[in-house]
1. Considering only the stretch 193-205, state which residues are surrounded by 15 or more Cβ atoms within 10 Å (Cβ to Cβ) and either outside the structural domain of THR237 (by TED's automatic domain parsing) or not basic (Lys, Arg) (or both).
2. Does the stretch 182-199 include one or more residues that are charged (D, E, K, R), farther than 22 Å from ASP13 by Cβ and under 23 Å from the mean Cα position of the chain (by Cα)?
3. Restricting to the stretch 128-140, name every residue that is more than 24 Å from LEU349 (Cα to Cα) and either in contact with a Leu (Cβ under 7 Å, 6 or more places away or on another chain) or not hydroxyl-bearing (Ser, Thr, Tyr) (or both).
4. Give all pairs with beta carbons closer than 6 Å in which a residue from the stretch 113-128 that is of a type in the set (Val, Ile, Thr) meets a residue that is in a loop (DSSP other than H, G, I, E, B); count only pairs at least 6 apart in sequence or on separate chains.
5. Report those helices (runs of 4 or more DSSP H) wholly inside the stretch 301-372 carrying at least 3 residues which are in the same structural domain as ALA187 (by TED's automatic domain parsing) and surrounded by 13 or more Cβ atoms within 10 Å (Cβ to Cβ).
6. Within the stretch 268-299, take every residue that is at pLDDT 95 or above and in a helix (DSSP H, G or I) and give me the one that is farthest from GLU348 (Cα to Cα).
Amino acid sequence: MRYYIIAGEASGDLHAGNLLKEIRKNDPTAEFRAWGGDLMEAAGAQLVKHYRELAFMGFAEVIRNLPTILGNLKFCKEDILSYQPDALILVDYPGFNIRISTWAKEKGIRVIYYISPQVWAWKENRVKKLKQSVGKMLVILPFEKAFYQKWNYEVEYVGHPLVEVIDSFLSVHKQDVAAPNGRGIIALLPGSRKQEIIKKLPIMLEVAAYFPQFQFVVAKAPGQEDEFYTPMLEKYTNVSSVRNETYRLLSQAQAALVTSGTATLETALFGVPEVVCYKGSNISYQIAKRLIRVKYISLVNLIMDKSVVTELIQQELTPQNLKTELESLLFDQVRRSALEADYKALRELLSAGGHASYNAARLIDIFMKTGK
């Protein structure tokens, strides 16, 4: 079988890479052409475009880069037609992938969606497009199956792929992160895109001055150069950084300040107390506030349907508020114990479906053979 796979972000690259390995177990002759990243390429995909060229954050940023996005869509369609895949596998990345799925359906190409777009958060009517164009929808959040059932759309819950990724890491690669003078570690995860890093990392770093007894360690994004971070980091004596070692960092951290997104869930699955940080451009934030219809911005709170971790959003994201929350996470044992119990319940919820990439590959194999 020939598959064309589109993942537009680092997390999609990770999960798609593992999915490709599992598909190959069922079909050793499978071929893959992809938009993604290094992990998909390492799993055997022929890479067309790297996700570094595709990441635009927020409504204002998308509008500014609209010519590039439209050019990418045009090129992608032409490349798919040239490759003539047996199926298209879309991984998250909704703004781009929903458009591609609608087009692919019109061209008679079978469409599989792994990691559903978060249509339950905003623009819920996009479900209609997905239902019409996607032959097999594979979801990774427990509440998504019930959400789609409201629209009479049967989807498959496969479990969350991060559980197996983190379990594998902890069983094989757990190591110490070097911290000067044996100080405890606070992890800073400011995101992967330049726009979000510039907005949030300087605020996170200001907190380091209040905790000289701790070493603050910044997880650099794979797609950003060291020179980008240097001006922000160089004035702090208790701040260092790592690259491509985020999991090793989380495995040793006492607490973390984390930008909203997949990293909030990763941090929780490592059992690290965290503060969730979000700050975007004012225009993007004002638009999002009016469109997004969920109670929380972090996946941890959304999945648990309650406020497990503190979210500091927009104007609330200040050094003083971060200092207050971090003190509580580090020194309030009652708070830490409550978090530990909630994190355990979260892991159990996400593990209920078994290993996501194995389940997804099995269902894809059945779909390709039977159409069901």
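The values are calculated or read from the model by the stated rules, or taken from the named source; none is laboratory data. Since the structure is predicted, the reported quantities are computational estimates derived from the model, not experimental observations. Positions of Cβ are generated from backbone atoms using ideal geometry, with glycine treated the same way; all protein chains shown enter the neighbour counts.
1. GLN195, GLU196, ILE197, LEU201, ILE203, MET204, LEU205
2. First, the residues of the stretch 182-199 that are charged (D, E, K, R): 183, 193-194, 196, 199.
Of the ones still in play, those that are also farther than 22 Å from ASP13 by Cβ are 183, 199.
Retained after the next criterion (residues that are under 23 Å from the mean Cα position of the chain (by Cα)): 199.
Yes; the residues of the stretch 182-199 include at least one that is charged (D, E, K, R), farther than 22 Å from ASP13 by Cβ and under 23 Å from the mean Cα position of the chain (by Cα).
3. Step one: filter the stretch 128-140 for residues more than 24 Å from LEU349 (Cα to Cα), giving 128-135.
Once the filter is applied, which keeps residues that are more than 24 Å from LEU349 (Cα to Cα) and either in contact with a Leu (Cβ under 7 Å, 6 or more places away or on another chain) or not hydroxyl-bearing (Ser, Thr, Tyr) (or both), the stretch 128-140 yields LYS128, LYS129, LEU130, LYS131, GLN132, VAL134, GLY135.
4. So the pair list comes out as ILE115/ASP92; ILE115/ILE140; VAL127/VAL119; VAL127/TRP151.
5. On the way: elements: 319-331, 333-351, 356-370.
Counting at least 3 such residues, we get 319-331, 333-351.
6. Among them, the one singled out is ALA268.
For every residue, the table says whether it meets (1) in contact with an Asp or Glu (Cβ under 9 Å, 6 or more places away or on another chain); (2) more than 30 Å from ALA30 (Cβ to Cβ).
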site: ALA338; (1), (2): no, yes
site: TYR343; (1), (2): no, yes
site: LEU346; (1), (2): no, yes
site: LEU350; (1), (2): no, no
site: SER357; (1), (2): yes, no
site: LYS369; (1), (2): no, no
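Quick grid of which residues meet (1) at pLDDT 95 or above; (2) surrounded by 17 or more Cβ atoms within 10 Å (Cβ to Cβ):
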residue: GLY17; (1), (2): yes, yes
residue: GLU61; (1), (2): no, yes
residue: THR68; (1), (2): no, no
residue: ASN72; (1), (2): no, yes
residue: LYS77; (1), (2): yes, no
